[in-house]
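A.B. asks: Dropping a structure here in structure tokens format, bear with me for questions.
The values are calculated or read from the model by the stated rules, or taken from the named source; none is laboratory data. Remember, it's a predicted structure, so these values are computed and weren't measured experimentally. Reconstructed Cβ throughout: ideal geometry from the backbone, glycine too, with neighbour counts over all protein chains shown.
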Amino acid sequence: MTEPVVVIEGLTKRFKGMDKPALDGVSTSILPGHITGLVGPDGAGKTTLIRLMVGLLHAEAGTIAVGGFNARTQAEAIHEIIGYMPQKFGLYEDLTVIENLDFHADLRYLSGTARKEKFDKLLDFTDLTAFQRRLAGKLSGGMKQKLGLACALIGTPKLLLLDEPSVGVDPISRRELWAMVQELLAGGIAVVWSTSYLDEAEKCDSVILLNEGRKLYDGPPADLLGSVAGRTWQIRGIDESRRRTVLMNMLKEDGVIDGVVQGRHIRIVMAKDKPKPLLDEGQWTAVEPWFEDAFIDILGGGPGGHSKLAEQISEKPLQDKPVIDVQGLTKRFGDFTAVHNNTFQIRRGEIFGLLGPNGAGKSTTFKMMCGLLQPTEGRAFVTGLDLKTATSQARSRIGYMAQKFSLYGNLNVVQNLRFFSGLYGLSGRRQKEQIDLMIEIFDLKEHLKMNAGTLPLGFKQRLALACAVMHQPDVLFLDEPTSGVDPITRREFWTHINAMVEKGVTVMVTTHFMDEAEYCDRIGLIYRGENIATGTPDDLKKLVQSDQLQNPTLEDAFVTLVHRSHLENQLQETA
Amino acid sequence: MRRLTALIRKETRQILRDPSTFLIAFLQPLILLFIFGYGVNLDSNKIRIGLVVEDNTPDTASLVRAFTNSRFLEVRLGQDRREFEHDLVIGHIRGIVVIPQDFSIDMALQTGAVNLQVIADGAEPNIASFVQNYTFGVVQVWLQHEAEDRGQSAAALPIRVLPRFWYNAELKSRNFLVPGSIAIIMTLIGTMLTALVISREWERGTMESMMATPVTITQILLGKLIPYFVMGIGSMTLCTLVCTLVYDVPFRGTYPALLAATSVFLLAALGQGLLISSVAKDQFVASQIALMAAFLPALMLSGFIFEIHSMPRPIQLLTHVFAVRYFVTSLQTLFLTGNVWPLLIHCMAAMLVISMVFFALTTRKTKKRLDA
């Protein structure tokens, strides 16, 4: 057995003003030649653990040894043998690619031919050779991530620490980075890759699963998957329009600990030794377990399928015409076309997902749909109202939940509710009723006097949803609604959304999470401002099905379709 | 040493590329000097007053001439104060001087009590006192001339006051405002800019990635200090040139003395900036602290605009904490008086002590840690 690079024993770290410790008695070790996934939702303690290893934080109790050096007393020695890429990559945006590398090389006394060789190798490795003179700030998210990695690798580290390298990066860049890190392992480097994407965890050699500062699991992902083996099922062959209802009913059944929509199927995790409930329609098919199934299992199961919120929402009137009608929407900023001739319709009670790599034009489309940006060409209607001429009427039909929840951190829960309900034109008795209702539905009573900024993430999420639906909108716009939250909270969120959709609310969502995209009835895939494919999740998967790829995931579909479109563009350009 | 050069090179590149840094160091001084050179003027020349002559005699005619000839006053004549009341209320004139009906009689009788009435706007005490003083001055001069005309020797009047002002003979406020404003500019560069650029590194996560390399804290701090020190001296040179060449402010000291004083002050200002950035890790908080702890004291407590000796005693004591107070004194001395070494050495020693305190605190506070 090889010597571990990092040995952690009984680590506890508490921050001032927090009642719970950020890390609570964590012991583990990290082996060379492995990618160790540090997995858990936001606030689980991932960043804290990494910073403790770097020696940037000091623990309250317990020890860390990195390469035999004590992280508390010998941080200088540790800095010589590690490479660290913090969140946001830690690049100087006003320096060029090569200047960033130069800077890190100088800090590590790398010079002469060794330096040149290293640069050539890293630039080649990261595919940045052609962009040496470009300012780091002008690089795409994926390229920044690669440059950050290159900077961290300059000192030929024994331990590479990557803090959420895949946040805000599209699946394509994520895959590329993964492949690059995989290549490094042959040299015997130890890699710690922290992530809140559970699907990334499955690919790691070893996984440390954290939740609320506690270590829930430590070991190869396969062993964890083994714990739910034989308990994961899909219900196939149900009518597509009824899958949400079937899911809701299943979640109420005894023995069902988790369920999610997966394209036209439903994925169910059963409790140990419990028989599957009987089905009125469709049939059970055994499927491979996922990491997330195991995580939910450890946490003691999902939140159930009941939505108090949806009960309180009045049925939206039936409509023949699409609720959202977008025709030839185009937005140009100067010479740059951010969105080109985008056309789609969304029917009442449909969930429509907008997917695409970073910078593809998702946010721009979204902002035009909310009336925040004026389109250069084309029109958009919400419930028949033209967003250009009837902006404010149209907006009052919309509930908008922005990225990162956009709550007022310095206002408490009630004040936030009051403020947002006021914005949406609620007043007097109706306002009070709605606020009380939201407090009851989302169980906010105990947190009423807490500032939104200090709420636990799950409650922030609830509060943000409450603020967006208080005025009973016909349409909900969700911009990356669950990024970073734990799977339980995410399920709770989708339970509400699904139940509201059943009542006729129309939903448009952007996301980087593929499992979130699975909830969509239809997806519009956007690349370089253009809609390159529209269809149900299963339609998109079918488009890329081949002999090599018999059972493509939605992520496979995403990557392949974008790649195809990229090749077509190149062909056209050369022709 | 190589690390330090790398840090300095990186910082210099950032300075050169970030237009805002450059604007703060070189364009802003020009704007500030322009404002303090032309816009702000604490002298009041040509105050408009209304002169009410109720008593029209040859005696008063010469007094009226004395008023109209004054180079400090712009006089409008009238017969009745009511003509001017409205103008005073709306601010067209700043005061009313009344020559009463019995003025010539009183003069002739030489009772010793000759009355003039001065009405001024008490809402603007500064201008009101100007009105009062100028009126008094005009009358004094007029009385002397009258006495001489009548053949009485000037000695008949017991005291004559002949004011003479040293160092700033014309009493131009520009001459002490402009050197003072240099202190403000140096504060902005030294404290505000340094605090901002370091907190920017915290915000963007570059500080964190730098801390995970073998670089030491001293190197990081020096890597910030040196470029901004050089920039401060550059900005100082520009300011001095503009002051002396464009604004005709005299410079009576020597350049080495100016360089010495500036260097010591920049150390203190940079030290304060570094200390702020070790406490505040985002740009907004850093700029707020820099504003409260450096910029506002530079403006209000440095003696630049408000005379320190006329402040309440506790505030006077407080001013000693701020290096800028000593810098303003040094600058005003160097520009208007010359190398007054005892004073300059006192000031520089004080600034040095303050900078040492800042550096001691900074090295204590700044560690390669995020939770220290």
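A.B. asks: Determine, yes or no, whether A:Ala105 is under 28 Å from B:Arg17 (Cβ atoms) and either within 13 Å of another protein chain (Cβ to nearest Cβ) or in contact (Cβ under 8 Å) with a residue 24 or more places away in the chain (or both).
C.D. replies: So A:Ala105 fits the description; yes.
A.B. asks: When you go through A:Glu253, A:Glu202, A:Glu240 one by one, which is the residue that is at pLDDT below 90 and within 20 Å of the chain's Cα centre (by Cα)?
C.D. replies: On inspection, the qualifying residue turns out to be A:Glu202.
A.B. asks: If you scan segment B:176-195, which residues turn out to be over 12 Å from B:Gln272 (Cβ atoms) and either of a type in the set (S, T, N, Q) or outside the structural domain of B:Pro29 (by TED's automatic domain parsing) (or both)?
C.D. replies: Scanning segment B:176-195 gives a single hit, B:Ser181.
A.B. asks: Looking only at helices (runs of 4 or more DSSP H) that fall completely inside segment B:169-273, which ones have 1 or more residues that are touching a residue at least 40 places away in the same chain (Cβ under 8 Å), among the β-branched types (Val, Ile, Thr) and away from chain A (no Cβ under 14 Å)?
C.D. replies: Hits in segment B:169-273: B:173-187, B:194-204, B:217-241.
A.B. asks: Kindly indicate which of B:Gln14, B:Gln28 is assigned to a helix (DSSP H, G or I), among the polar types (S, T, N, Q) and within 14 Å of chain A (Cβ to nearest Cβ).
C.D. replies: Answer to the selection: B:Gln14.
A.B. asks: Filter segment A:85-98 down to the residues that are under 23 Å from A:Glu176 (Cβ atoms) and of a type in the set (D, E, K, R), then identify the one that is nearest to the other protein chains (Cβ to nearest Cβ).
C.D. replies: Here the answer is A:Lys88.
A.B. asks: Would you kindly identify the strands (runs of 3 or more DSSP E) lying entirely within segment A:328-390 that contain at least 1 residues that are surrounded by fewer than 20 Cβ atoms within 10 Å (Cβ to Cβ) and either touching a His at 6+ places or on another chain (Cβ under 7 Å) or charged (D, E, K, R) (or both)?
C.D. replies: A:377-382
A.B. asks: Any residue at all in segment B:88-102 that's touching a residue at least 12 places away in the same chain (Cβ under 8 Å), surrounded by 17 or more Cβ atoms within 10 Å (Cβ to Cβ), under 35 Å from the mean Cα position of the chain (by Cα) and in a helix (DSSP H, G or I)?
C.D. replies: Yes, segment B:88-102 contains at least one residue that is touching a residue at least 12 places away in the same chain (Cβ under 8 Å), surrounded by 17 or more Cβ atoms within 10 Å (Cβ to Cβ), under 35 Å from the mean Cα position of the chain (by Cα) and in a helix (DSSP H, G or I).
A.B. asks: Say whether the condition of being surrounded by fewer than 21 Cβ atoms within 10 Å (Cβ to Cβ), under 22 Å from B:Pro214 (Cα atoms) and more than 14 Å from chain B (Cβ to nearest Cβ) is met by at least one residue in segment A:18-39.
C.D. replies: Among the residues of segment A:18-39, at least one is surrounded by fewer than 21 Cβ atoms within 10 Å (Cβ to Cβ), under 22 Å from B:Pro214 (Cα atoms) and more than 14 Å from chain B (Cβ to nearest Cβ), which makes the answer yes.
A.B. asks: Taking the stated definitions as given, is A:Phe125 surrounded by 15 or more Cβ atoms within 10 Å (Cβ to Cβ) and away from chain B (no Cβ under 14 Å)?
C.D. replies: The answer is yes for A:Phe125.
A.B. asks: Tell me, which residue of segment A:147-174 that is at pLDDT below 90 and among the β-branched types (Val, Ile, Thr) is nearest to A:Asp124 (Cα to Cα)?
C.D. replies: Out of the qualifying residues, it is A:Thr156.
A.B. asks: For residues that are touching a strand residue (DSSP E or B) at 6+ places or on another chain (Cβ under 9 Å) and more than 16 Å from B:Trp142 (Cβ to Cβ), tally how many sit in segment B:83-116.
C.D. replies: 10
Residue-by-condition table, conditions (1) in contact with an Asp or Glu (Cβ under 7 Å, 6 or more places away or on another chain); (2) under 23 Å from A:Glu200 (Cα atoms); (3) in contact (Cβ under 8 Å) with a residue 12 or more places away in the chain; (4) not assigned by TED's automatic domain parsing to the domain that holds A:Gln145:
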| site | (1), (2), (3), (4) |
| --- | --- |
| A:Met18 | no, no, no, no |
| A:Val26 | no, yes, yes, no |
| A:His34 | yes, yes, yes, no |
| A:Ile50 | yes, yes, yes, no |
| A:Leu57 | yes, no, yes, no |
| A:Gly62 | yes, no, yes, no |
| A:Val66 | no, no, yes, no |
| A:Ala75 | no, no, yes, no |
| A:Leu91 | no, no, yes, no |
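A.B. asks: Six or more apart or on different chains, Cβ under 9 Å: which pairs go from a residue in segment B:335-347 that's at positive phi to one that's of a type in the set (S, T, N, Q)? Could you list them?
C.D. replies: Taking only residues 6 or more apart or on different chains, the pairs are B:Gly338/B:Thr254.
A.B. asks: Identify, please: which residue in segment A:240-299 is of a type in the set (Val, Ile, Thr) and more than 28 Å from A:Pro221 (Cβ to Cβ) and is, among those, surrounded by the most Cβ atoms within 10 Å (Cβ to Cβ)?
C.D. replies: A:Val246
A.B. asks: I've got another one for you. Limited to segment A:47-66, what total is found for residues that are of a type in the set (Gly, Ala, Ser) and surrounded by fewer than 20 Cβ atoms within 10 Å (Cβ to Cβ)?
C.D. replies: 3
A.B. asks: Here's something else I'd like to know. Only helices (runs of 4 or more DSSP H) wholly contained in segment A:195-297 count here; list those with 3 or more residues that are farther than 30 Å from A:Leu52 by Cα.
C.D. replies: A:243-252
A.B. asks: Among the residues in segment A:501-514, are any among the hydroxyl-bearing types (Ser, Thr, Tyr), in contact with an Asp or Glu (Cβ under 8 Å, 6 or more places away or on another chain) and closer than 19 Å to A:Lys321 by Cα?
C.D. replies: yes
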